[in-house]
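The values are calculated or read from the model by the stated rules, or taken from the named source; none is laboratory data. Keep in mind that what you see is a predicted model, and the values were worked out from it rather than measured. A quick note on method: Cβ atoms are made from the backbone with ideal geometry, for glycine too, and the neighbour counts reach across all protein chains shown.
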Amino acid sequence: MNQPKDLSTRNRILQMMKTSGPLSTKEITGQLGITEMAVRRHLGTMERDGLIESKMVRQTLGRPTAVYGLTELAEGMFPKKYHTLTLDLLGELEQECGEDTVNRLFDRRKEKLNRQYEADMQGLDLPEKVRRLAEIQNENGYMTECEQQGDDHFVLMEHNCPISQIANQYNHACDCELKLFESLLDAKVERTECLAQEGRKCVYVIKR
């Protein structure tokens, strides 16, 4: 397998596992042309960092052999353009059925998320709800920070938007997120900055 010379050994191992599947130390050593000790050192570091995981595979003869494969974290390091397919499909739907149909899809997604998370908010006061919302958004990849600026005044900041490419084209997605926050928090929510509108982050001011 030919590898670009500027790739680090670690990245070469990741690419090998991506293209060939789980590999043993012996197989990696043979492909890289370095010592087995060096390979084991790299594998140990990568396993510690959560990029690879090992499992034992039975052989026809002899003892079971350890093989190493990519974790979900490592899979996420490879380029994926899911948003391109989504935008293509939404564009086809809009052309076929109109913008209102696309907007209804975003509305239904908002209602689904509201049903999914409303139980998390039961019995909580506003500060606890805001903190729980920040946790939910962090779990979904939004890189969220929360600041309390008074008893009933909070600022929620999202430094990343996993659907930013879609929201850039379909602003109704952002409107639905705002309404979702209002519903879950049972509070007044104002967006003062938006990644989809050339902001550096999404900023929500929350008041009782």
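Here are the numbers:
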{"quantity": "Answer residue from region 162-199, given it is part of a loop (DSSP other than H, G, I, E, B) and in contact with a strand residue (DSSP E or B) (Cβ under 6 Å, 6 or more places away or on another chain) and is farthest from MET143 (Cα to Cα) among those", "calculated": "ALA187"}
{"quantity": "Complete set of residues in region 140-163 that are surrounded by 17 or more Cβ atoms within 10 Å (Cβ to Cβ) and within 21 Å of the chain's Cα centre (by Cα)", "calculated": "TYR142, THR144, CYS146, LEU156, MET157, GLU158, CYS161, ILE163"}
{"quantity": "Matching residues, region 85-100, being in contact (Cβ under 8 Å) with a residue 12 or more places away in the chain and of a type in the set (A, V, I, L, M)", "calculated": "LEU87, LEU90, LEU93"}
{"quantity": "Number of the condition not met by GLN137 [criteria: (1) touching a residue at least 12 places away in the same chain (Cβ under 8 Å); (2) surrounded by fewer than 15 Cβ atoms within 10 Å (Cβ to Cβ); (3) part of a helix (DSSP H, G or I); (4) not hydrophobic (A, V, I, L, M, F, W, C)]", "calculated": "(2)"}
{"quantity": "Conditions (1) in contact with a helix residue (DSSP H, G or I) (Cβ under 6 Å, 6 or more places away or on another chain); (2) touching a residue at least 12 places away in the same chain (Cβ under 8 Å); (3) buried (at least 16 other Cβ atoms within 10 Å of the Cβ); number of the one not met by ASP120", "calculated": "(3)"}
{"quantity": "Qualifying position, being of a type outside the set (Lys, Arg), in contact with a strand residue (DSSP E or B) (Cβ under 7 Å, 6 or more places away or on another chain) and more than 17 Å from LEU195 (Cα to Cα), among VAL130, VAL155", "calculated": "VAL130"}
{"quantity": "Enumeration of residues in region 48-84 that are touching a residue at least 40 places away in the same chain (Cβ under 8 Å) and among the aromatic types (Phe, Trp, Tyr)", "calculated": "TYR68, PHE78"}
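One line per residue, one yes/no per condition, for (1) modelled with pLDDT of 90 or more; (2) of a type in the set (Asp, Glu); (3) over 24 Å from the mean Cα position of the chain (by Cα); (4) assigned by TED's automatic domain parsing to the domain that holds ASN140:
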{"position": "THR25", "(1), (2), (3), (4)": "yes, no, yes, no"}
{"position": "GLY30", "(1), (2), (3), (4)": "yes, no, yes, no"}
{"position": "GLU36", "(1), (2), (3), (4)": "yes, yes, yes, no"}
{"position": "HIS42", "(1), (2), (3), (4)": "yes, no, yes, no"}
{"position": "ASP49", "(1), (2), (3), (4)": "yes, yes, no, no"}
{"position": "GLU53", "(1), (2), (3), (4)": "yes, yes, no, no"}
{"position": "ARG63", "(1), (2), (3), (4)": "no, no, yes, no"}
{"position": "THR71", "(1), (2), (3), (4)": "yes, no, no, no"}
